[in-house]
1. Looking at Ile86, Ile71, Ile54, which one is part of a helix (DSSP H, G or I) and out of contact with any helix residue (DSSP H, G or I) (no Cβ under 6 Å at 6 or more places or on another chain)?
2. Just to be sure I understand, how many residues within segment 1-20 are assigned to a loop (DSSP other than H, G, I, E, B) and in contact (Cβ under 8 Å) with a residue 12 or more places away in the chain?
3. Taking segment 23-37 only, how many residues are in contact with a Phe, Trp or Tyr (Cβ under 8 Å, 6 or more places away or on another chain) and open to solvent by less than 20 Å² (accessible area, probe 1.4 Å)?
4. Test of understanding: among Ile50, Ile62, which residue is of a type in the set (A, V, I, L, M), modelled with pLDDT of 95 or more, surrounded by 13 or more Cβ atoms within 10 Å (Cβ to Cβ) and out of contact with any strand residue (DSSP E or B) (no Cβ under 6 Å at 6 or more places or on another chain)?
5. Return the residue satisfying two criteria in turn: it lies in segment 67-82 and is of a type in the set (A, V, I, L, M, F, W, C) and either in contact (Cβ under 8 Å) with a residue 40 or more places away in the chain or in contact with a Leu (Cβ under 9 Å, 6 or more places away or on another chain) (or both), and of such residues it is least open to solvent (accessible area, probe 1.4 Å).
6. Determine, yes or no, whether Tyr64 is under 11 Å from the mean Cα position of the chain (by Cα) and free of Cβ contacts under 8 Å to residues at least 60 places away in the same chain.
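The values are calculated or read from the model by the stated rules, or taken from the named source; none is laboratory data. Just so it is clear, the structure is predicted and the values come from calculations on it, not from any experiment. A quick note on method: Cβ atoms are made from the backbone with ideal geometry, for glycine too, and the neighbour counts reach across all protein chains shown. Keep in mind that these areas ignore ligands, DNA and RNA; they rest on the heavy atoms of the full protein, side chains included. Shrake-Rupley method; radii C 1.70, N 1.55, O 1.52, S 1.80 Å.
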Amino acid sequence: MSHTIKQLSQMNGRVYVYFKTADLCQQFLNQAEQEGFAFQDGVKPTERHISDVIAVNKDYTINYVGTVGHIAFGSNVQKIGNESLIRIDYADFIR
């Protein structure tokens, strides 16, 4: 069985997905769109630019994490607000 982004959205915490390459991010955006995800403003994933880190939300939306999110992702931070920070390497996730 292959892993789905919907599975990520159901994890207990704040999910940040990391992409080592532009191609991996594009693959993620395609998969997210096929699974019914959109950005928080309703824009389809494939209509936006790639990034190295994207957040997956419980309401089947995704969003860019910005500077603070990048700092949190690359640091020792274990929580964002009152939620655990879950770091997912997309390359590992799809294997």
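1. Details: Ile86 fails: part of a helix (DSSP H, G or I); Ile54 fails: part of a helix (DSSP H, G or I).
Ile71 is the lone residue from the list that is part of a helix (DSSP H, G or I) and out of contact with any helix residue (DSSP H, G or I) (no Cβ under 6 Å at 6 or more places or on another chain).
2. Keep residues of segment 1-20 that are assigned to a loop (DSSP other than H, G, I, E, B), which gives 1-4, 10-13, 19-20.
Narrowing further to those that are in contact (Cβ under 8 Å) with a residue 12 or more places away in the chain: 2-4, 10-13, 19-20.
Result for segment 1-20: 9.
3. Residues flagged as in contact with a Phe, Trp or Tyr (Cβ under 8 Å, 6 or more places away or on another chain) and open to solvent by less than 20 Å² (accessible area, probe 1.4 Å) within segment 23-37 amount to 3.
4. Numbers: Ile62 fails: out of contact with any strand residue (DSSP E or B) (no Cβ under 6 Å at 6 or more places or on another chain).
It is Ile50.
5. Ala72
6. Values: under 11 Å from the mean Cα position of the chain (by Cα): yes; free of Cβ contacts under 8 Å to residues at least 60 places away in the same chain: yes.
Criteria met by Tyr64.
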